[in-house]
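For reference, the structure is listed below as structure tokens.
Read-outs: derived from the displayed coordinates by stated rules, not from any lab. Everything numeric in this text was worked out from a predicted model, so none of it was measured. For neighbour counting, all protein chains shown are included, and Cβ atoms are generated from backbone atoms with ideal geometry for every residue, glycine included.
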Amino acid sequence: MNLCDIIQIESGVKMITINDKQYNIDSKKISFGKYSVTQDGKKRNGKAPFITFKFENMFLGLETIYDTKELKELNLDDKKDISKYISDITYEDEKGWISLITGNYKCFIQKINNNKFIIELSGEVEEYGEYYSILLNEEIEITF
């Protein structure tokens, strides 16, 4: 993913839960990158968000191939399952960086006004012998 148009968005008091421990989200960053994929037999390319949440000394990132055009076209209060459009879930803590894409997860996005969305992620993943349970329900703002 080629990153461009980086936008920093500060968070209020929000929470993320990793392995039953709740954390305040310190900040969110939304970057956009170009993608080119063949999915369900169809070639698609465009520009999609990569959303990063920072909490304590950890990061959780959602790399998507859900096009910004589709985000703009969502109707207010529409809730869309974008699980198949998540190309990576990244997690970084004091042990290092890991990709959490091989487990079971669901991701939804809901448009609440022109450029504000609620992103929900729930998942259970086991990577390299470590178990991760993730719950996220967070408002994000995307400036197109």
Among (i) 36, 36, 27; (ii) 46, 33, 30; (iii) 49, 38, 30, the value of Cα extents along the principal axes in Å computed for this structure carries the label (i)
Under 16 Å by backbone N from the virtual spin label 7 Å along Cα-to-Cβ at ASP26, the residues of region 58-74 are 58-61
Check: C-alpha center region 53-79 vs C-alpha center region 84-123, spacing in Å is 8
Whole-Hz Karplus couplings 3J(HN,Hα) for region 122-128, θ = phi - 60° and coefficients 6.51, -1.76, 1.60, Gly and Pro as x, run 9, x, 10, 9, 10, 10, 6
Candidates TYR128, TYR23, TYR91; GNM for the chain (alpha-carbon contacts under 10 Å) flags as most fluctuating TYR128
Computed for the chain: size of charge dipole around the Cα centre, +1 on C-beta of each Lys and Arg, -1 on C-beta of each Asp and Glu, debye to nearest 20, value 680
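Would you work out if region 53-94 is rounded, prolate or oblate? Take a ≥ b ≥ c from the square roots of the eigenvalues of the alpha-carbon gyration tensor; rounded if a/c is under 1.5, else prolate when a/b is larger than b/c, oblate otherwise. Please report the intermediate quantities before stating the final value.
Numbers: a/c = 3.14, a/b = 2.20, b/c = 1.43.
Because a/c hits 1.5 or more and a/b exceeds b/c, region 53-94 counts as prolate.
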